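Rule-based calculations on the coordinates, nothing more; no lab input. Just so it is clear, the model here is predicted, and its values are computed rather than measured. Because the Cβ atoms are built from the backbone with ideal geometry, glycine has one as well, and the counts that use them run over all protein chains shown.
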Amino acid sequence: MKKLALLLVIPALLLLWWAVSRKDSIPSVRVAKVSRQTIRSTIPTNGKVEPVEFASARAAIAGMVKKVCVERGQDVAAGAVLVTLDDAEARSALESATARIQEVKAEIASQAAGGRAGELSEIQNALQAARLQVATSQRSLDSLRRLTAKNAATQEEVRLAEDALAKANLRVTELEARRSTLVTATDRTVSAAKLEDAEASAALARHRLAQTVIEAPIAGTVYQIDLKPGAYLQPGDIVATVGKLDQVRVRVYVDEPELGRVSRGVPVVISWEARPDLSWSGRVDQMPTQIVPLGTRQVGEVLCLIDNPKRELLPGVNVNAEILSKVVKDAIGIPKQALHYESRGKGVYKLNAKNLVEWQPVTVGVSDINSVEILSGLRLNDRVVLPSDIEVREGQQVQPVLQ
């Protein structure tokens, strides 16, 4: 009887061992359910910040920097003084030209009065004496002629008196001619030319003096200035760059295959590694007109307008950009990692009701970093196999572990 019982127990134990070992041989795999979700299709890339409106202040003349009146990041009004240059030479030139103007004006005033005061006074005194001599000679001649008529004087005395009168008149004529030649038309022309030249020199000196003060060309923020007192500038050197930074432009480099997903007006989010706690939003403003090389990449330069109300995003910095090309709400989606690209096409490994693995071709739509939209091939709540260390095959039975 005991032998019979033993014979019955042994097969039962073998059957139990087979069932347990078979169950242990079924691999466990991670699976995910097909679900509805919002999928945001983005294009991650990089770019560089530049101001939308900016202007550079440049040195108009050569000179040494005397004073730097602003600093980087400072807001300035149009016409605000940025830098002053050494103006000693320009001031000296202006003072010299001003003194020359006064000198020439005094010369012209003297000419208007007839000549230099000393020379004119000398001639006037001599002319007065000569005219007095003419009057005296005339009276003497008249007296001798009356006496001659009475035979009280000789003809020789009359002749001598006439000679004296003629000499006196000649002296008056000479002095009047000398006075008239003190100031000629040529003298006046030369003086006028001197005055014009002196005034031109003064105007040039004032202009050069004004150029020693370098002003902001527009109102905005000074975002580039590297000068220190004592630096020497040449004409045309950039002194500072001023821009309006409430809104900046980001030149984003989009790889050629991705350009079809970008359009004007789509949202853009900018991040900067130097300020990981911040992000800036904007939109695509201008599409590229050509494809250009960027290292090993072929890219289009997409221009984006980014709001920068606190002016924390600085021109010239390199940034990361994420262009939101499309948003699909209530999309039927699966984890992106569940999608396989094989020679037979795109598809997933899904589980049937008996937990057997089946290959299912699918048609996909938009995708983001985590999910992909399924346009056809799967239904809601279907279970798809996620990648793991275990390689699955069609027809294989698995133990699903829902993620």
(message) Cut-off 10 angstrom, C-alpha nodes, Gaussian network model of the chain. Which of 106, 93, 216 fluctuates the most?
(response) 106
(request) Tell me which residues come under 5 Å, amide H to amide H, from residue 69 once H is placed; ignore anything under 5 positions away on its chain. (result) 83, 84
(message) If I model a spin label at residue 353 and residue 154 as a point 7 Å from the Cα along the Cα→Cβ vector, what separation in nanometres do I get?
(response) 17.8 nm
(message) Please report the net charge: other residues with Cβ closer than 11 Å to the Cβ of residue 394, K and R +1, D and E -1.
(response) +1
(request) Tell me which label goes with the value of semi-axes √(5λ) of the Cα gyration tensor in Å computed from the coordinates here: (i) 117, 19, 13; (ii) 81, 41, 21; (iii) 30, 27, 18. (result) (i)
(message) Nothing charged except the Cβ atoms of Lys and Arg (+1) and of Asp and Glu (-1): what's the magnitude of the dipole of the chain about its Cα centre? Round to the nearest 20 debye.
(response) 1860 debye
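Using a cut-off of 14 Å between beta-carbons, work out the net charge of the residues near residue 197 (Lys and Arg +1, Asp and Glu -1, residue 197 not included). List each step's numbers first, then the result.
Values: positive: 100, 105, 194; negative: 103, 107, 196, 199.
Spelling it out: positives minus negatives among the neighbours equals -1.
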(request) Subtract the Cα-Cα distance of residue 393 and residue 174 from 0.36 nm times their separation in residues, and report this length gain in nm to one decimal. (result) 65.3 nm
(message) Could you list 61, 26, 323 so that the one with the fewest beta carbons within 10 Å of its beta carbon is first and the one with the most is last?
(response) 26, 61, 323
(message) Among DSSP bridges having both ends in the chain, what percentage is antiparallel? Round to the nearest 5.
(response) 95 percent
(request) Quickly work out the residue 219-to-residue 98 label distance, labels modelled 7 Å from Cα along the C-beta direction, and quote it in nm with one decimal. (result) 3.4 nm
(request) Using a 10 Å Cβ count of at most 10 others and DSSP loop calls, identify the longest part of the chain lacking such GluC sites (Glu not before Pro). (result) 72-272
(message) Give the lysines whose C-alpha is closer than 16 Å to that of residue 354, dropping any in the same chain fewer than 8 places away, or say none.
(response) 23, 33
(request) Hand me the trypsin sites (Lys or Arg not before Pro) from region 319-398 located in a DSSP loop with no more than 12 other Cβ atoms within 10 Å, in residue order please. (result) 344, 354, 379, 393
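Can you compute the FRET efficiency between residue 162 and residue 122 using 1/(1 + (r/R0)^6), with r the Cβ-Cβ distance and R0 = 30 Å? Round to the nearest 0.05.
Working: r = 29 Å, r/R0 = 0.97.
Using R0 = 30 Å, I get an efficiency of 0.55.
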(request) With springs connecting C-alpha atoms under 10 Å apart, model the chain as a Gaussian network and identify which of 370, 125, 46 has the largest mean-square fluctuation. (result) 125
